[in-house]
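Each remark here refers to the structure printed beneath this line.
Computed from the coordinates by the stated procedures, all read-outs in this text should not be read as laboratory data. None of the values given here were measured: they were computed from a predicted structure. Glycine also receives a Cβ, built like all others from the backbone with ideal geometry; neighbour counts cover every protein chain displayed.
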């Protein structure tokens with residue numbers, strides 16, 4: 001086996017392998033993790049986060065603008081503390097509200113941000129004042145049944 | 001003062017676990033000599049070569065090459081010594097993934113910084129010495145047994161060693177190749193001033209070319225002498241070996257119970 | 001019936017003796033294998049200083065495995081596309097086909113199946129080659145020529161295997177995704193846009209792809225080390241080498257599957 005032919009084949013092999021890796025990295029996956037340099041952190045507190053997980057998307061008007069970074073439990077007030085990273089290109093007003101929504105009917109849960117009207121913008125590390133918890137199916141059913149019971153009972 | 005003895009083996013004993021192979025060997029080989037070590041299969045001849053090459057260490061006794069005790073050398077010293085020794089394995093042990101040329105050039109490329117031109121000249125010179133310069137581009141798989149062994153010989157002398165060891169160089173060769181090989185061993189030893197150590201049980205070919213013979217049996221040297229002395233010897237073991245007698249000190253029958261008992265004759269059948 | 005008890009006791013006694021013997025042998029062999037592995041690592045200097053040796057071995061382990069890896073990857077991807085569609089369709093989630101195919105391949109099937117194929121093709125070839133070199137005294141000859149066979153023969157093959165394995169796994173996954181695309185989008189008619197877009201949002205570079213690469217590197221180390229050891233330790237006979245080759249394929253396949261479990265538990269645990 002001629003040495004130069006051998007080197008050629010090995011070179012092709014390595015190039016093909018790296019190309020496959022790049023294909024996987026760029027076309028199949030995406031560099032979804034928003035890195036620290038071009039994002040800012042905001043915190044939101046919820047009484048019930050439902051099925052929200054770390055790395056869940058943060059969307060506004062349906063467009064993905066960030067990722068949930070970490071979810072912690074605050075023992076002081078017995079609430080969930082969600083820290084998320086939002087792309088620096090999209091500043092939000094201080095009175096923005098966060099809600100935990102479900103994509104589709106039974107899909108994965110994400111945080112939806114609805115912008116407020118304040119002229120001052122959120123800074124790195126700020127906490128959102130208005131939050132809406134996840135819809136828990138059992139509570140919904142309980143509410144519905146209670147409502148029905150209320151309607152039906154004689155006054 | 002350089003001793004005339006290149007290889008000195010004194011009182012060497014070696015065994016695998018409880019099984020002793022060598023029980024006390026004394027052997028010397030002088031510079032420029034062709035020395036043969038003969039004996040029946042399994043008597044420890046190849047073990048001796050491996051002791052000299054430092055692949056194994058003796059349980060007792062000393063093995064000295066050019067005055068240095070082989071067993072006491074460290075890794076670097078051992079490798080240094082091995083560069084001055086050549087070994088010819090029984091079936092050549094050529095590197096099957098390289099051509100004949102690359103096989104002979106192997107040691108030159110690994111141990112020297114010579115440019116490719118110099119290496120080419122040296123390789124062709126060695127191949128010419130064994131008569132295979134024309135086969136330089138062939139692969140080992142394309143060689144006959146005799147040719148493969150000659151290439152292995154060229155490879156063994158690539159760095160102009162002072163000692164060459166041959167493990168059964170005559171085994172399995174046709175009469176012409178036998179003559180060629182024997183001739184080569186003698187000629188190379190004389191022209192290059194080497195010392196050659198042959199381990200063999202081909203009596204006729206070896207007696208034609210050797211200066212001295214050692215007979216090994218049961219782990220000790222039972223006889224030694226020049227070729228003529230051996231031919232004339234009347235020691236039973238030597239005599240049986242040299243004349244190829246079927247029965248003698250080395251028995252024909254493998255140890256077994258009495259023949260009649262084995263066949264069940266004279267036994268009461270229940 | 002005293003004789004039956006005696007016979008039964010004998011059988012049990014012999015079975016236990018054999019078991020004890022094999023265990024002791026196995027442990028002893030593991031120790032020897034570990035020392036061998038450390039020796040290979042320590043003598044790897046030559047493999048890098050004379051990188052040509054390693055490149056040569058990469059041809060024999062990597063390039064010659066390309067055909068089986070690419071074809072298998074394509075077929076596995078196509079089957080994933082078919083089977084995945086069948087199942088997802090019952091939940092009305094056909095558009096998640098891209099996600100299914102990509103995640104299955106990148107996280108598990110790519111590294112593991114490519115490793116198993118590598119073990120049977122390249123691993124057995126390495127074992128046979130080294131075993132044969134040992135049987136024909138080539139390694140001994142090299143030692144006698146003051147060239148360390150571990151540095152010159154074994155280490156380059158080790159690094160060639162370690163470098164080739166992740167490349168082959170990536171190629172397998174890429175071909176698989178292509179196969180899934182061909183079957184799902186072109187053949188069955190899943191929407192092309194959602195195929196790729198859902199895939200892209202579900203597959204994360206760090207979590208999935210990088211972990212897959214790490215897995216394949218670990219598999220490469222395991223398979224090549226086992227293949228080299230079995231070849232180096234093989235008895236120098238025809239049956240010895242063939243037994244060693246079989247052992248390589250079996251042992252490295254089991255090792256890959258066991259390591260896969262350990263690595264997966266470790267890596268994907270935090271995804272709750």
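Before moving on, here are some points about what is shown:
- Inter-label distance, nm, simple model (7 Å from Cα along the C-beta direction), residue B:84/residue B:239: 4.4
- With an a/c value of 1.5 or above and a/b not larger than b/c for the gyration tensor axes a ≥ b ≥ c computed over the alpha-carbon atoms, chain C is described as oblate.
- For the peptide C:206-212, the mean number of other protein chain Cβ atoms found within 10 angstrom of a residue's Cβ is 3.
- The range A:76-155: antiparallel DSSP beta bridges as a percent of all, rounded to 5: 70
- Relative contact order %, chain A, counting alpha carbon pairs below 8 Å whose residues are six or more apart: 23
- If you sort the three axes of the alpha carbon gyration tensor as a ≥ b ≥ c, you get a/c of 1.5 or more for the range C:116-177 and a/b no higher than b/c, which makes it oblate.
- Cα convex hull volume per residue for the range C:187-272 (Å³): 136
- Per-peptide average of other Cβ atoms within 10 Å, ordering C:100-107, B:87-94 highest first: C:100-107, B:87-94
- Among beta bridges identified by DSSP and lying wholly in the range B:116-237, the antiparallel ones come to about 50 percent.
- Relative contact order, whole percent, for the range B:132-270 stands at 14, derived from Cα pairs under 8 Å and 6 or more residues apart.
- Peptide A:55-65 has a mean of 1 when you count, residue by residue, the C-beta atoms of other protein chains within 10 Å of its C-beta.
- Antiparallel DSSP beta bridges within the protein assembly as shown, percent to nearest 5: 65
- Judged by the ratio a/c of the largest to the smallest principal axis of the C-alpha gyration tensor, the range C:1-118 counts as oblate, that ratio being 1.5 or greater while a/b is no larger than b/c.
- Inter-chain Cβ neighbour count for B:76-89, averaged per residue, equals 3 (cutoff 10 Å, partner chain atoms only).
- Ranked by how many other Cβ atoms sit within 10 Å of their own Cβ, fewest first, the residues C:264, A:131 fall in the order C:264, A:131.
- Extension gain for residue B:124-residue B:228 works out to 33.7 nm (0.36 nm per residue, less the C-alpha to C-alpha distance).
- The alpha carbon centroids of the range B:174-224 and the range B:13-48 are separated by 15 Å.
- Percent RCO, i.e. relative contact order, over chain B, from Cα pairs under 8 Å lying at least 6 residues apart: 24
- Nearest-ten-degree value, helix A:3-23 long axis tilted from longest Cα axis of chain A: 10
- Burial ranking of peptide ranges B:32-39, A:138-145, B:223-230, B:134-141 (average Cβ count within 10 Å, highest at the top): B:32-39, B:223-230, B:134-141, A:138-145
- Report summary: the helix-based calculation at 222 nm, which adds -39500 (n - 2.57) for every DSSP H run with n ≥ 4 and divides by the residues of the protein assembly as shown, gives -16000 deg cm²/dmol.
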